[in-house]
Amino acid sequence: MAHKWLVICLSLLLAGMFCCPTSAFSAKTKKRGQKRPPAATQSEDKSKAPEEAPTEQKNGQQPEVTAEQRQGPALEPSDPEDRRPDQEVKRSTVMPEKPAAQEEAPDEDRAREAEEAQRLTELFLRNQSVFIRKGELMVELNTFYNRNSRDDFQSIPGGAILVKNTTKFIDNSLILRYGLLTDGLELDLIVPFWIHAQTKQDFGVALSEQSKDGFGDLAAALRYELWYERGNRPSVILDISGKSRTGGTGLTGTGTWNMGGGITLLKTIDPVVFFGRIGYVNNFASQTRNLGNIFEYRLGMGFSLNDKVSFNMQLTGSNIQPSSIMGLDSSDVTGPVTPTVLSVKRLELMNLLFTTTIIVTRRFSVEPVVGIPLTSESFAFIGIRVPYRF
């Protein structure tokens, strides 16, 4: 009997052990094996306690999945102040931001270079329009060889004789162009620093030659672009000019002062630029010379073959009124030499010019020129212009 009660008690004890809730047992076991965390960790766990509430199994149900767990890892805060230090350092290392000034600088440089390249293509128009801007200086060296040969009748005692007249010039001049006050106003100074002139008269039975080297007549011009080209309206350029008599009365100078002016129209019909000018020059009489006044005209066109080479052709001409020059009459070999007035008929000068402008660098260019005479009084010439812009 006692043996039976002992078996029953052992059975009840074993049943109670296996029927005890596992969650409570495991929680007590875990609580016992857990060590005490540091103070900083405890305070951090307390601050996060509301957000990290344990989801223990209740009444035999599965733990509830929170919305934060369904959405996955938390996204990076949009506000820079809410970012963690490690996030901010990583972002600045991967995608550094460039200042706005550095991004705009290359665009401005490219625009400036494109504007300068476009401007250089118009260098061949510097004698028609105002090319130099305010404060800029251009120095241009011009070297030309001019020649004219024609047959004239010359009076001699008892009649006239046919004379072959040949005139040659080597003209070297320096042109200084400077931009004044504002864009569109230019001052030019022309300095013919060395001229070699030679004339030859062939009478058939006799030959007469004369030559001279020296300084020519200083000249200056002021040009102003009154209107800029816009739409159907052409550019309008006004100019006034003046010349001295520093070359004297010989072969290197005219011996008189003069002053003139003109107006130039310039119109672009891409890719060709058309231009035309008319002008008038008044020669002031001196004691020995009264040169005729001059009506000038010019008509031409030009275009750029590429960003380095331009070409233009133009028709230039002038109508010179009759002139009178005081000379000495030595036709009577037995009598004294007496002053006389030599009259020169009206002259018609006309040339066809061909010019090629070659841009070597942004500041240095070379421009060969060829002139073909269209009247007997005109000069054929060939030369080169070398402009340099500072």
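The values are calculated or read from the model by the stated rules, or taken from the named source; none is laboratory data. Not measured: the values here are computed from a predicted model. Cβ sites come from the backbone with ideal geometry, for glycine too, and all protein chains shown count toward neighbours.
Applying the set (1) modelled with pLDDT under 95; (2) more than 29 Å from the chain's Cα centre (by Cα) to residue 362 leaves exactly one unmet item: (2).
This table checks each residue for (1) in contact with a helix residue (DSSP H, G or I) (Cβ under 7 Å, 6 or more places away or on another chain); (2) free of Cβ contacts under 8 Å to residues at least 60 places away in the same chain; (3) closer than 30 Å to residue 354 by Cβ.
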| site | (1), (2), (3) |
| --- | --- |
| 248 | no, yes, no |
| 264 | no, no, yes |
| 280 | no, yes, yes |
| 287 | no, yes, no |
| 296 | no, yes, yes |
| 304 | no, no, yes |
| 307 | yes, no, yes |
| 312 | yes, no, yes |
| 320 | no, yes, yes |
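Of all residues in segment 253-276, those that are farther than 21 Å from residue 324 by Cβ and not charged (D, E, K, R) total 14.
Residues in segment 260-281 that are of a type outside the set (Gly, Ala, Ser), surrounded by 15 or more Cβ atoms within 10 Å (Cβ to Cβ) and over 26 Å from the mean Cα position of the chain (by Cα): 281 alone. Just one of the listed residues (237, 175, 269) is in contact with a Lys or Arg (Cβ under 7 Å, 6 or more places away or on another chain) and either closer than 26 Å to residue 304 by Cβ or of a type in the set (S, T, N, Q) (or both), namely 237.
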